[in-house]
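Computed from the coordinates by the stated procedures, all read-outs in this text should not be read as laboratory data. These numbers come from a predicted model, not from an experiment.
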């Protein structure tokens, strides 16, 4: 319990001005609910950015997500597979966040979401979005147990655009939040994974469940179960970004003649505000 108390002191160094909610959250740490996440909240050094994605400094994951938060660089990775080789019929890998997650526990979201960090080699490299792609590979291995050396080379991860958004934690606690410039990344996995039962080995500390869904069933599910999805994912669905992404992946997978035109619809230099 010494480690838990130490982390609680780091999280809330003084109770003189603490609200009742803060005291309750601090006490929840002593019950070890989030113990598997604690070290990352302290040790992961996120890249704090301005509204134009210029790096200003670094801060711990905890500092970036506490109270009003600090705007920081992040990524959202979307892993697609073809249901039949060269069919153009696609499914997206969805994950349900683990109950041990401090932010947005048990909500469904896209394949993998996290942050490039200073303390992992290469993740500050901005050339061709290499840094966020390396971060995506690291977290896919950590969260989903995917062998990234077999099916997720850096060149197989494609950067489409950036979004900026903020959202309070859900369930709302008045303590944690998300505030990010988020790189949207996509990858088309090889058709061989359809028959590979060992392809996914989700880490239970990170992922509660996974599911492959087509665009129609997914949009219907978000509409019917809105609050069961993370705020950034449901906003991507409602804004049409996800369907536009699906169109890009379909054209890429089929090497369609329309691919150059569809690809040109994505502005890699722009940062779009997501509501």
Query raised in the report: Which one of 261, 107, 90 has the biggest mean-square fluctuation once the chain is modelled by GNM with Cα springs under 10 Å?
Result: 261
**Report entry** For the chain, average projected area of the Cα convex hull in nm²
**Finding:** 14.8
Query raised in the report: For the Cα atoms of the chain, what angle does the longest principal axis make with the long axis of helix 241-253, in degrees from 0 to 90, nearest 10?
Result: 40
Query - Helical contribution to [θ] at 222 nm, DSSP H n ≥ 4, -39,500 (n - 2.57), averaged over the chain, rounded to 500 - result: -9000 deg cm²/dmol
**Report entry** Contact order normalised by residue count of segment 30-125, Cα under 8 Å, 6+ apart, percent
**Finding:** 26
**Report entry** Candidates 230, 127, 57: whichever shows maximal mean-square fluctuation once the chain is modelled as a Gaussian network with Cα springs under 10 Å
**Finding:** 127
Requested in this report: Give the Rg/Rh ratio for segment 82-221, taking Rg as the radius of gyration of the Cα atoms and Rh as the Kirkwood radius, to two decimals.
Outcome: 0.96
Query - Equivalent ellipsoid dimensions for segment 101-178 as semi-axes, Å, which come from the Cα gyration tensor, largest first - result: 25, 15, 12
Query raised in the report: Under a GNM of the chain (C-alpha, springs under 10 Å), which listed residue has the highest mean-square fluctuation: 235, 166, 87?
Result: 87
Query raised in the report: Ratio of Rg to Rh for segment 188-227, alpha carbon only, Kirkwood?
Result: 1.06
Report task. Determine by what factor the alpha-carbon radius of gyration of segment 159-275 differs from 2.2 N^0.38 Å, reporting the quotient. Result -> 1.21
Report summary line: the chain: relative contact order from alpha carbon pairs under 8 Å, six or more residues apart, as a whole percent, is 21
**Report entry** Relative contact order, percent, segment 136-275 [alpha-carbon distance under 8 Å, six or more residues apart]
**Finding:** 30
Requested in this report: Please determine, in degrees from 0 to 90 and to the nearest 10, the orientation of helix 20-30 with respect to the longest principal axis defined by the Cα atoms of the chain, where the helix direction is its Cα long axis.
Outcome: 80
**Report entry** Angle between the chain longest axis and helix 2-11 axis [Cα atoms, degrees, rounded to 10]
**Finding:** 80
Requested in this report: Round to a whole angstrom and tell me the spacing of the C-alpha centers of segment 195-234 and segment 112-180.
Outcome: 17
